[in-house]
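Contents: one structure, followed by commentary.
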Amino acid sequence: MTIDLHKLTHLIAVAEEGGFTRGARRLHLSQQALSTSIRALEREVGVELLDRSGSTLRVLPAGEALIADARLLHGAARSALHRARRIGRGETEVLRIGHTPAVTGDEVTALLRRAHDVQSELSTQVNQRYPGELTEQLIAGELDLGLCRGMAPERGLTRTTLAHHRLRVAVAADHRLARRESVELGELAEETIMVWGRPGNSGYTDLLIDSCRRAGFEPDVRRNPIQGTPPTTAVQGTNHVAFVTAAAGAAPGGSVRVLELLPPTFVPLHALWPQHTSSEAREDFLAAADM
């Protein structure tokens, strides 16, 4: 038994647009043609996927499950098509990498240098992505590899740990701790700690909070209102502190100091990628990172 990917695209559009009218407009189809396509898909699957009985269209559990799998299928098909075209045209593979703001540019550069030492002809394209965007683009086949911290892999993605980096503390240059070389984790109990993700919605934020709890205190956290900037910049112009993985000492510009955190605490650097896709460049990158 096979499923028509076009019909799956139709189902996704109806679900995302909340109805047949907007779904048809998005797909440049007539509403009747779209409705007929979804009915045909339901006959193929053997169960109803949408509840049309109310004033508002509702996606049934079977439809939600099929949509989740459909996104993975579309991503795998897009990756397979991209790979076949590249090979057929004799083009060099470009490894498309996304990284969250929790992974610094310096850390990405270090991984790339290691990979180029092993495979000098490796070609890469690197862009920063927020966690939600990173997951969506990996599933959609628009990225080959994602670098992050603490993100649980969505269904269809594989995760491995590439490294563990030492956690440090960033403070503004005029902060009371700025003249120190190091700070004990327990000393941060009275500080407001700047984080990037909301507790409960960010694996990395939850990981940092758990570190504080193991040190015996419930941290006072505040989400950084300026998203996407380098982690050390979060404390500029504030009296807050932030956990970072940057080297100890003065941060660029001199407005921030990075202190050693005691006892030494380490956080993982993770790699995510689509489970059912192939990439020789990705294999080379991951092999180099594991050396």
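General observations
- Conditions (1) more than 23 Å from His164 (Cα to Cα); (2) outside any strand (DSSP E or B); (3) not hydrophobic (A, V, I, L, M, F, W, C); number of the one not met by Arg222: (2)
- Residues in segment 49-59 that are surrounded by 14 or more Cβ atoms within 10 Å (Cβ to Cβ) and either outside the structural domain of Leu11 (by TED's automatic domain parsing) or not β-branched (Val, Ile, Thr) (or both): Leu49, Leu50, Leu57.
Matching residues to (1) closer than 28 Å to Ala287 by Cα; (2) under 22 Å from the mean Cα position of the chain (by Cα); (3) among the hydroxyl-bearing types (Ser, Thr, Tyr):
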position	(1), (2), (3)
Asp117	yes, no, no
Gly156	yes, yes, no
Arg166	yes, yes, no
Ala178	no, no, no
Val183	no, no, no
Leu188	no, no, no
Val195	no, yes, no
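- Among the helices (runs of 4 or more DSSP H) confined to segment 1-66, the ones with at least 1 residues that are at pLDDT 95 or above and either within 22 Å of Arg155 (Cβ to Cβ) or of a type in the set (Ser, Thr, Tyr) (or both) are located at 5-17, 31-45.
- Test result for Asp144, under 26 Å from Thr92 (Cα atoms) and among the acidic types (Asp, Glu): yes
- For segment 46-76, the set of residues classified as free of Cβ contacts under 8 Å to residues at least 40 places away in the same chain and not charged (D, E, K, R) consists of Gly46, Val47, Leu49, Leu50, Ser53, Gly54, Ser55, Thr56, Leu60, Pro61, Ala62, Ala65, listed by residue number.
- Residue among Gly146, Gly88 that alone is over 25 Å from Ile3 (Cα atoms) and exposed (fewer than 13 other Cβ atoms within 10 Å of the Cβ): Gly88
- Test: residue in segment 70-79 that is modelled with pLDDT of 90 or more, touching a Ser or Thr at 6+ places or on another chain (Cβ under 7 Å) and either over 27 Å from Thr21 (Cβ atoms) or among the charged types (D, E, K, R) (or both): yes
- Residue count for segment 221-240, restricted to those that are surrounded by 15 or more Cβ atoms within 10 Å (Cβ to Cβ), among the polar types (S, T, N, Q) and closer than 19 Å to Asp206 by Cβ: 1
- Residues in segment 266-291 that are touching a Ser or Thr at 6+ places or on another chain (Cβ under 6 Å) and in a loop (DSSP other than H, G, I, E, B): 2 in all.
- Of everything in segment 22-45 that is small (Gly, Ala, Ser) and in contact (Cβ under 8 Å) with a residue 12 or more places away in the chain, the residue that is surrounded by the most Cβ atoms within 10 Å (Cβ to Cβ) is Gly23.
- Residue ID - farthest from the chain's Cα centre (by Cα), chosen from residues in segment 95-107 that are surrounded by 14 or more Cβ atoms within 10 Å (Cβ to Cβ) and modelled with pLDDT under 95: Glu107
- Among the candidates Gly132, Gly146, Gly75, residue that is of a type in the set (Gly, Ala, Ser), assigned to a helix (DSSP H, G or I), under 19 Å from Asn201 (Cα atoms) and under 19 Å from the mean Cα position of the chain (by Cα): Gly132
- Consider segment 163-200 and keep the residues that are acidic (Asp, Glu), in contact (Cβ under 8 Å) with a residue 12 or more places away in the chain and surrounded by fewer than 18 Cβ atoms within 10 Å (Cβ to Cβ). The one that is nearest to Gly249 (Cα to Cα) is Glu181.
- Any hit, segment 204-212, residues being touching a strand residue (DSSP E or B) at 6+ places or on another chain (Cβ under 6 Å) and either more than 30 Å from Glu93 (Cα to Cα) or surrounded by fewer than 18 Cβ atoms within 10 Å (Cβ to Cβ) (or both): yes
The values are calculated or read from the model by the stated rules, or taken from the named source; none is laboratory data. Note that the structure is predicted; figures quoted are calculated from it, not measured. Because the Cβ atoms are built from the backbone with ideal geometry, glycine has one as well, and the counts that use them run over all protein chains shown.
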